[in-house]
Amino acid sequence: NSGKKNSRQVGAGRKVSTRSMKRRGKLWIKVFPHTPITRKPAEVRMGSGKGSVEFYAMNIKPGKIIFEVDGVSCDVAHEALSKSSGKLPFKVKVIERVY
């Protein structure tokens, strides 16, 4: 499932995971919302240009890594990423790289 994700969702996921790790370790955000989404106000007549920017968003394709964690144990990292996945509007799988 691909999905759109906006900057508020990225911030919420970051906040939850850093709180869950108790500010130990390091968290990288591997995606950046750089597409402006514009909207016109309700009940406005047609014409008169484009609406103002409401928020910034990004398209996320399947298989894309969103967050990366280092410096904490596997259990802590898994818990933090699981909590942050609840803030995203699509299914997320936590993967682990073994050295």
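Backbone geometry of segment 54-68 corresponds, through the Karplus equation with coefficients 6.51, -1.76 and 1.60 at θ = phi - 60°, to 3J(HN,Hα) couplings of 8, 7, 10, 9, 8, 8, 10, 8, x, x, 7, 7, 9, 10, 10 Hz, x marking Gly and Pro.
Using a probe of 1.4 angstrom and keeping all protein chains present, the accessible surface of the chain works out to 78 square angstrom per residue. With the charge dipole of the chain set up from +1 on Lys and Arg Cβ and -1 on Asp and Glu Cβ about the Cα centre, the Cα lying farthest toward the positive end among the listed residues Ile29, Gly13, Ala57 is that of Ala57. Amide H contacts of Phe55 (H built 1.01 Å from N, in plane; Pro and chain starts excluded): Ile37 sit under 5 Å, all sequence-distant by 5 or more or on other chains. Distant-in-sequence amide contacts of Lys87, defined by a placed amide H-H separation under 5 Å and a gap of 5 or more residues or a different chain, comprise nothing. All other residues whose Cβ lies under 10 angstrom from that of Pro89 are scored, Lys and Arg at +1 and Asp and Glu at -1, for a net of +4. Highest mean packing comes first when the peptides 88-98, 62-72 are listed by Cβ atoms within 10 Å, giving 62-72, 88-98. Backbone amide hydrogens, once placed in the peptide plane, bring Val72 within less than 5 Å of Lys26, excluding anything fewer than 5 places away on its chain. Just one of (1) 1.18; (2) 1.38; (3) 1.34 is Cα Rg over 2.2 N^0.38 Å as worked out from the coordinates here. Which one is it? The value matching this structure is (3). Summing charges over neighbours of Ser52, with a neighbour being any other residue whose Cβ is under 11 Å away from its Cβ, gives +2 when K and R count +1 and D and E count -1.
Against the chain, whose longest principal axis is taken from its Cα atoms, helix 74-85 shows a tilt of about 20°. Close Lys pairs in segment 7-62 (alpha-carbon distance under 28 Å; sequence gap of 8 or more, or different chains): 9.
The phi torsions of segment 14-29, fed into the Karplus equation with coefficients 6.51, -1.76 and 1.60 and a -60° offset, translate into couplings of 5, 4, 5, 6, 5, 5, 5, 7, 6, 6, 8, x, 9, 10, 10, 9 Hz, rounded to whole numbers, with Gly and Pro shown as x.
Carbon and sulfur: what percent of the chain's accessible surface (1.4 Å probe)? Summing carbon and sulfur atoms, their accessible area is 51 percent of the total for the chain.
The values are calculated or read from the model by the stated rules, or taken from the named source; none is laboratory data. Note that this is a predicted model, so its numbers are computed, not measured. Cβ sites come from the backbone with ideal geometry, for glycine too, and all protein chains shown count toward neighbours. Note: areas computed on protein heavy atoms with side chains; ligands, DNA, RNA excluded. Shrake-Rupley method; radii C 1.70, N 1.55, O 1.52, S 1.80 Å.
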